[in-house]
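The values are calculated or read from the model by the stated rules, or taken from the named source; none is laboratory data. The shown structure was predicted, so the numbers you read here are calculated from the model rather than taken from an experiment. Using ideal geometry, Cβ is built from the backbone for each residue, glycine included, and neighbour counts are taken over all protein chains shown. Accessible surface areas use protein heavy atoms only, side chains included; no ligands, DNA or RNA. Shrake-Rupley method; radii C 1.70, N 1.55, O 1.52, S 1.80 Å.
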Amino acid sequence: MYANATQTSQSIVPAIGRILMATIFVFSGVGKALAPEATLGYIQSVGLPFASLALIGAIAIEIGGGALLALGYKTRLVAAGLAAFSLVTAFVFHNALGDQNQLIHLLKNVAMAGGLLQVVAFGAGAWSLEAAAGRKGLPLAA
């Protein structure tokens, strides 16, 4: 499909993949922000302390991390954080394996973590803020 690794690394495909993965986080975070009561109830139902702080943290991680992933900024670090978040939420909130719906949510989160680990391994790609800063010779803010 590709002639060599250089063409692959300069492809827009990694950007599309990052945006597709980021979409679920951003939408989920916005949903939590617009209707926090349902999420607070769910957090409380599994017995986590400080449900309000957990909600704020989840919103920040999902919207902030999703946006940074889509833009390709601090991509490996962000992807690693989102992978960890996906696994933690999978096993804390979707551990009723006898419930088909919960099992699907668990497997979805595990699969998302797998995709995010691919981003950790291979980076943001050519269509990212990181790559743009490198091409211009300008460092992105630390």
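Give Ala133, Ala70, Ala113, Ala54 a once-over and let me know the one that is more than 27 Å from Pro14 (Cβ to Cβ) and of a type in the set (A, V, I, L, M). Outline the logic, then answer.
On the way: Ala133 fails: more than 27 Å from Pro14 (Cβ to Cβ); Ala70 fails: more than 27 Å from Pro14 (Cβ to Cβ); Ala113 fails: more than 27 Å from Pro14 (Cβ to Cβ).
Selected residue: Ala54, the only one of Ala133, Ala70, Ala113, Ala54 that is more than 27 Å from Pro14 (Cβ to Cβ) and of a type in the set (A, V, I, L, M).
Kindly state which helices (runs of 4 or more DSSP H) lie completely within region 40-134 and contain at least 1 residues that are open to solvent by 40 Å² or more (accessible area, probe 1.4 Å), in contact (Cβ under 8 Å) with a residue 60 or more places away in the chain and over 14 Å from Phe25 (Cα atoms). Step through it out loud before you land on a result.
Working: elements: 51-60, 66-71, 75-93, 100-122.
Filter on region 40-134 gives 100-122.
Counting only residues that are open to solvent by 60 Å² or more (accessible area, probe 1.4 Å) and at pLDDT below 95, how many does region 10-37 have?
3
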